[in-house]
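Enquirer: The structure's right below; bear with me while I get my questions together.
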Amino acid sequence: MNTCGIEIKGSEVILCLLSKQDGLFQIADCRQVRHTLSNSNDSESVRKFQFMLKKLFEDYKVSRVIIRERPTKGKFAGGAVGFKIEACIQLIDTVDVELFTGVKIKEVVKDNPFPVPFKSTGLKAFQEGAFTVAYAALCEDQ
């Protein structure tokens, strides 16, 4: 089963599918690693967005989704659309959804450094946040 790491930036979700078996990490190919909620004010658009993510999770046998949590206040606070996306994902009933704070991610990665440099993973640079949150979640399971 795959774990899906998600980083939300504005009205976009960035995905990374990762699994761990016998101590080895496997990065799964994904047909589309960026998805945008085009009109967050239209409930039909939100429903379609949620359905598309649910279908993607089913197609790639994702059992767990880890979202990089964004602060609600301060310089790096998330926007309203981002929190709407977060809730949309949390309401998908076919996967377990967890939020990981930046502090938690840093602590886990500090104790479990990446086995290879990120550039060697073959992922796009913009996926690093999503990869890191999925990696931290899988390391924490040990």
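FYI, it's all coordinate maths here, none of it is from the lab. It should be emphasised that the depicted structure is a prediction, and the values quoted were computed from it without experimental measurement. Every residue, glycine among them, receives a Cβ derived from its backbone with ideal geometry; neighbour counts consider all protein chains shown.
Enquirer: Which of the trypsin sites (Lys or Arg not before Pro) across the range 69-100 are loop residues per DSSP, with 15 or fewer other Cβ within 10 Å?
Expert: The qualifying sites are Lys73, Lys75.
Enquirer: Calculated from DSSP H runs of 4 or more alone, at -39500 (n - 2.57) each and per residue, what is the 222 nm mean residue ellipticity of the chain, nearest 500?
Expert: Taking each H run of at least 4 residues, the total per residue is -11500 deg cm²/dmol.
Enquirer: Exceeding 29 Å between C-alpha atoms, which entries from my cross-link table qualify? They are Lys20/Lys55; Lys9/Lys54; Lys20/Lys75; Lys54/Lys110; Lys54/Lys75; Lys84/Lys110.
Expert: The answer is Lys20/Lys75; Lys54/Lys110; Lys54/Lys75; Lys84/Lys110.
Enquirer: Can you run phi through the Karplus equation (6.51, -1.76, 1.60; θ = phi - 60°) for the range 13-24 and list ³J(HN,Hα) in whole Hz, with x for Gly and Pro?
Expert: Each residue's phi maps through the Karplus curve to give 10, 10, 10, 9, 9, 9, 9, 9, 9, 6, x, 10 Hz.
Enquirer: Then there is this: About its Cα centre, what dipole magnitude does the chain give when the only charges are +1 on Lys and Arg Cβ and -1 on Asp and Glu Cβ, stated in debye to the nearest 20?
Expert: Taking the Cα centre of the chain as origin, the dipole is about 440 debye.
Enquirer: Got a sec? How would Ile85, Ile67, Ile27 order by Cβ neighbour count within 10 Å, fewest to most?
Expert: Ile27, Ile67, Ile85
Enquirer: May I ask you to order 34-41, 48-55 by the average number of other C-beta atoms within 10 Å around their residues, highest value first? Walk me through the intermediate numbers first.
Expert: Values: 34-41: 14.8, 48-55: 16.2.
Highest mean packing first, the order is 48-55, 34-41.
Enquirer: Something else now. Under 20 Å from the Cα of Lys104, which aspartates and glutamates turn up, not counting those fewer than eight places away in the same chain?
Expert: Correct list for Lys104: Glu7, Glu69, Glu86, Asp96, Glu128, Glu140, Asp141.
Enquirer: Can you list residues from other chains, or at least 5 along the same chain, whose modelled amide H is less than 5 Å from the amide H of Glu69?
Expert: Amide H neighbours of Glu69: Phe100, Thr101, Gly102.
Enquirer: To continue, here is another question. Quick one: helix 102-111 against the long Cα principal axis of the chain, what's the angle to the nearest 10°, folded into 0 to 90?
Expert: Helix 102-111 and the main axis of the chain meet at about 20 degrees.
Enquirer: Which order, highest average first, do 96-104, 115-123, 128-136 follow once you tally other Cβ atoms within 10 Å for each residue and take the mean per peptide? Can you show the working numbers first?
Expert: Details: 96-104: 14.4, 115-123: 11.4, 128-136: 24.2.
With the highest mean Cβ count within 10 Å placed first, the list reads 128-136, 96-104, 115-123.
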